[in-house]
Amino acid sequence: MAGSGAVGSGAVGSGAVAPGAGDDARRAQAARALLVAAHREHWGTVLAAVARTVGGPLGGDLGIAEEATQDAFVQALEAWPRDGAPERPAAWLTTVARRRALDRVRRDAVLRRRLPLLAVEADRAAHAPHGPGGADGSGGAYGSGGAAGAADDGVPDERLALVLACCHPALAPEGRVALTLRMVCGLSTAEVARAFLVSEPTMAARLTRAKRKVAAAGVPLRVPPPPELAARLPTVLDVVHLAATAGHTASTGDALRRDDLAARALDLARVLAVLVPRDPEVLGLLALLVLTEARAPARTDAQGVPVPLEQQDRALWDAGLTAEGLRHLGTARRALGRRRPGRHLLQAEVAAVHARAASYAATDWQRLLLLHDALCATWPSPVVRLARAAAVGLARGPEQGLAALDAVAGDERLRSYPYLPAARGEMLRRLGRREEAAAELRRALALQPSAAERRGLERRLAALGAPEAPRRDGGPGGSGVSGGGER
Amino acid sequence: MPEYVFLLLGDEAQDEALSPQEWEEAFAAHGAFSEEVARRGAEITGGQALMPTSTATTVRFEGGEAVGVTDGPFVELKEALGGFYVIRCRDLDQALELARLVPMGSGGVEVRPVMGEDHRG
């Protein structure tokens, strides 16, 4: 896996061109920019097409497919700046990667007996009307939400098959997310390791284990028929949601990496919505991630400290993304019809309540509480119950909020969760009980939140010390918990 | 098509308490399972019911040497290996689909691919 990060981690884009450079240099720079975009948009597609070629009926050899895909991008890194970028980058990359994979298979004595079959397949692929493997080079199908043309050439199915294989319930849960980010999104092993705060050798071992199980257990690289697909989708959505959460929760000081992970998760959600259209949960997850993304510019200040929802400058929210998110939500609701909404759709509804409010004060807290009630009924995780308790505080005042928080505080799983004392501190502050509020914030700090969250808590603690009369309004306040999709 | 072993792990005490009529029913259920496997295009290529773990003897190994023979199964658990099927089918998804059809009152079915040439690389 040496050098697997060569393309993904910026080496491609770093080709600075000296001032006054000629046409060649400009062309080279354009080619590099195109390659960076191609890596992001087409990695999963190329890998899926190659995996299907080398894996026989089960399509399972992700290891060979991965290496071949990597090789193709490295080759593009040399060829495109020199010869100019190809008209259809995905087709170019797929052809090269397939050839690499076949070379590898040819050398591989274990797989030798499959060769006659492969040769025929590769030949057929090369003469297919849509170009090699049908990998359409237009690129639009996998870009930002573009759906046109994606349904015709069979490639989306391949990519969906790859996602489904990576998210197979037969794999360990932590292996699923890692494998999806590596195989479908093309993050390097080092990047995936950083995102999940483990060492690179640990992540490499985890990925190897997952890949081996895919191959050895015969996890199929195919899209199952609708009833099975429906059964498998929740796992896929979980994985995308987990990746997004890891991207949005400040767990390391490396802000850039977080954003990248969130962006990849959003990409995946967009792809899924193209591949599995009209599924309320798929659309709900997409709406949630888009609405969360819309708020990203206001979520932290210039120093990277989280800004509570209450204090966020709503002018910074991306209006275009907000509109897009609300549109997806509308489509999701229509797709749902009279059925009960699932957790992703409900979370999107929560995010939409905030998106629609002109100001924090104008937020529809009653609706927010109703949504959290529904969310608790569908998905009673400790964190969701905590969020609901905070919503009680927003809808019915801090006194009741505090009682609701105390009712969930007994949960062993929340013992080390800094949001709980942080939320209690907020309720107490609103009640004018400053000393107790400060004690809760200190308790939250003692639970070792991330660096950015720590600074946010310290800021709130400092504000408590400021000479300010206790507020008597008892009105709703930002707890840092009920932000709906803030985490 | 790959081959999978279905290890039928269940509660022995429960099995031993079965009445003759319940045994009949269990056999019939396994017969129905076999027919269903064939109907779905898969094939049972092997399988046996096993005598209870009280009849098991284990040869233990250390450092490549057989170091002793002990009474009982290799792993002592409430749920013991009661029997197995060897089934040739399309892929893991179909194997899991078939595993859901195995008549088991409780316990579970462990699905494991049989090692083929591909897996020895």
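The values are calculated or read from the model by the stated rules, or taken from the named source; none is laboratory data. Being a predicted model, the structure only gives us computed values, none of them experimental. Cβ atoms come from the backbone with ideal geometry, glycine included; neighbour counts cover every protein chain shown. These accessible areas exclude ligands, DNA and RNA; they are computed on the full protein's heavy atoms, side chains included. Shrake-Rupley method; radii C 1.70, N 1.55, O 1.52, S 1.80 Å.
Picking from A:Leu197, A:Leu221, which residue would you name as being within 14 Å of chain B (Cβ to nearest Cβ), in contact (Cβ under 8 Å) with a residue 24 or more places away in the chain and outside any helix (DSSP H, G or I)? Reasoning before the result, please.
Numbers: A:Leu197 fails: within 14 Å of chain B (Cβ to nearest Cβ).
Testing whether each residue is within 14 Å of chain B (Cβ to nearest Cβ), in contact (Cβ under 8 Å) with a residue 24 or more places away in the chain and outside any helix (DSSP H, G or I) leaves just A:Leu221.
State the number of residues belonging to segment A:200-223 that are buried (at least 16 other Cβ atoms within 10 Å of the Cβ) and closer than 23 Å to A:Glu158 by Cβ.
Within segment A:200-223, residues that are buried (at least 16 other Cβ atoms within 10 Å of the Cβ) and closer than 23 Å to A:Glu158 by Cβ number 14.
Which condition number in (1) acidic (Asp, Glu); (2) at pLDDT 85 or above; (3) farther than 30 Å from A:Leu229 by Cβ is the one that B:Asp71 fails?
(2)
Give me the residue from segment A:407-420 that is closer than 18 Å to A:Glu453 by Cβ and not hydrophobic (A, V, I, L, M, F, W, C) and, out of that set, most open to solvent (accessible area, probe 1.4 Å). Give the derivation first.
Of all residues in segment A:407-420, those closer than 18 Å to A:Glu453 by Cβ come to A:414-420.
Now restrict to residues that are not hydrophobic (A, V, I, L, M, F, W, C): A:415-419.
On the way: A:Arg415: 136, A:Ser416: 82, A:Tyr417: 53, A:Pro418: 24, A:Tyr419: 45 Å².
Among those residues, the one meeting the criterion is A:Arg415.
Quick check on this structure: which one of A:Ala348, A:Ala323 is without any contact (Cβ under 8 Å) to a residue 12 or more places away in the chain and not in a loop (DSSP other than H, G, I, E, B)?
Values: A:Ala348 fails: without any contact (Cβ under 8 Å) to a residue 12 or more places away in the chain.
The unique qualifying residue is A:Ala323.
More than 14 Å from chain A (Cβ to nearest Cβ), open to solvent by 80 Å² or more (accessible area, probe 1.4 Å) and β-branched (Val, Ile, Thr): does that describe B:Thr57?
Numbers: more than 14 Å from chain A (Cβ to nearest Cβ): yes; open to solvent by 80 Å² or more (accessible area, probe 1.4 Å): yes; β-branched (Val, Ile, Thr): yes.
Yes.
Exactly one condition in (1) touching a residue at least 12 places away in the same chain (Cβ under 8 Å); (2) away from chain A (no Cβ under 14 Å); (3) not β-branched (Val, Ile, Thr) is not met by B:Met51; state its number.
(1)
Within the bounds of segment A:312-319, is there any residue that is crowded, with 17+ Cβ neighbours inside 10 Å and at pLDDT below 95?
So the first thing to find is which residues in segment A:312-319 are crowded, with 17+ Cβ neighbours inside 10 Å, and the list is A:312, A:317-318.
Among the residues that remain, those that are also at pLDDT below 95 are: A:312.
For segment A:312-319, residues crowded, with 17+ Cβ neighbours inside 10 Å and at pLDDT below 95: present.
Would you pick out the residues in segment B:105-121 that are modelled with pLDDT under 85 and either out of contact with any Gly (no Cβ under 8 Å at 6 or more places or on another chain) or within 12 Å of chain A (Cβ to nearest Cβ) (or both)?
Result: B:Met115, B:Gly116, B:Glu117, B:Asp118, B:His119, B:Arg120, B:Gly121.
Which members of segment A:274-295 meet the condition of being without any contact (Cβ under 8 Å) to a residue 40 or more places away in the chain and open to solvent by 10 Å² or more (accessible area, probe 1.4 Å)?
Step one: filter segment A:274-295 for residues without any contact (Cβ under 8 Å) to a residue 40 or more places away in the chain, giving A:290, A:293.
If the condition is that a residue be without any contact (Cβ under 8 Å) to a residue 40 or more places away in the chain and open to solvent by 10 Å² or more (accessible area, probe 1.4 Å), then A:Glu293 is the only one that fits.
Looking at A:Ala165, A:Ala170, A:Ala215, A:Ala210, can you tell me which residue is more than 13 Å from chain B (Cβ to nearest Cβ) and at negative phi? Spell out how you get there, then give the answer.
On the way: A:Ala165 fails: more than 13 Å from chain B (Cβ to nearest Cβ); A:Ala170 fails: more than 13 Å from chain B (Cβ to nearest Cβ); A:Ala215 fails: more than 13 Å from chain B (Cβ to nearest Cβ).
Of A:Ala165, A:Ala170, A:Ala215, A:Ala210, the one residue that is more than 13 Å from chain B (Cβ to nearest Cβ) and at negative phi is A:Ala210.
Give the residue, chosen from A:Thr378, A:Thr363, A:Thr331, that is within 30 Å of A:Leu272 (Cβ to Cβ) and open to solvent by less than 20 Å² (accessible area, probe 1.4 Å).
Numbers: A:Thr378 fails: open to solvent by less than 20 Å² (accessible area, probe 1.4 Å); A:Thr331 fails: open to solvent by less than 20 Å² (accessible area, probe 1.4 Å).
Exactly one residue qualifies, and that residue is A:Thr363.
Could you list, in sequence order, all residues of segment A:272-302 that are farther than 19 Å from A:Val350 by Cβ and in contact with a strand residue (DSSP E or B) (Cβ under 8 Å, 6 or more places away or on another chain)?
A:Thr300, the sole residue that qualifies.
Pairs needed: first member in segment B:17-39, free of Cβ contacts under 8 Å to residues at least 24 places away in the same chain; second member anywhere, open to solvent by less than 60 Å² (accessible area, probe 1.4 Å) and assigned to a helix (DSSP H, G or I); C-beta distance under 9 Å; at least 6 residues apart or different chains.
These pairs meet every condition: B:Leu18/B:Ala26.
Of A:Ala423, A:Ala395, A:Ala404, A:Ala452, which residue is farther than 25 Å from A:Val305 by Cα, in contact (Cβ under 8 Å) with a residue 40 or more places away in the chain and crowded, with 19+ Cβ neighbours inside 10 Å? Walk me through it before giving the result.
Details: A:Ala423 fails: farther than 25 Å from A:Val305 by Cα; A:Ala404 fails: in contact (Cβ under 8 Å) with a residue 40 or more places away in the chain; A:Ala452 fails: farther than 25 Å from A:Val305 by Cα.
One residue alone meets the criteria, A:Ala395.
Would you mind finding the one in A:Leu171, A:Leu164, A:Leu187 that is in contact (Cβ under 8 Å) with a residue 60 or more places away in the chain and assigned to a loop (DSSP other than H, G, I, E, B)? Talk me through it step by step, then tell me what you get.
On the way: A:Leu171 fails: in contact (Cβ under 8 Å) with a residue 60 or more places away in the chain; A:Leu164 fails: assigned to a loop (DSSP other than H, G, I, E, B).
Of A:Leu171, A:Leu164, A:Leu187, the one residue that is in contact (Cβ under 8 Å) with a residue 60 or more places away in the chain and assigned to a loop (DSSP other than H, G, I, E, B) is A:Leu187.
Which condition from (1) under 25 Å from A:Pro220 (Cβ atoms); (2) among the aliphatic types (A, V, I, L, M); (3) in contact with a strand residue (DSSP E or B) (Cβ under 7 Å, 6 or more places away or on another chain); (4) more than 14 Å from chain A (Cβ to nearest Cβ) is the one that B:Ala42 breaks?
Every listed condition holds for B:Ala42 apart from (4).
Could you list, in sequence order, all residues of segment B:80-90 that are in contact with a strand residue (DSSP E or B) (Cβ under 9 Å, 6 or more places away or on another chain) and either within 14 Å of chain A (Cβ to nearest Cβ) or open to solvent by 80 Å² or more (accessible area, probe 1.4 Å) (or both)? Let's see the steps before the verdict.
As a first pass, look at segment B:80-90 and keep what is in contact with a strand residue (DSSP E or B) (Cβ under 9 Å, 6 or more places away or on another chain): B:80-89.
Correct list: B:Ile87, B:Arg88, B:Cys89.
Take the conditions open to solvent by 40 Å² or more (accessible area, probe 1.4 Å), within 14 Å of chain A (Cβ to nearest Cβ) and of a type in the set (Asp, Glu) and apply them to B:Glu97. Does it pass? Walk me through it before giving the result.
On the way: open to solvent by 40 Å² or more (accessible area, probe 1.4 Å): yes; within 14 Å of chain A (Cβ to nearest Cβ): yes; of a type in the set (Asp, Glu): yes.
Taking the combined requirement at face value, the residue satisfies it.
Among (1) open to solvent by 10 Å² or more (accessible area, probe 1.4 Å); (2) in contact with a helix residue (DSSP H, G or I) (Cβ under 6 Å, 6 or more places away or on another chain), where does A:Leu309 come up short?
That leaves (2) as the condition not met.
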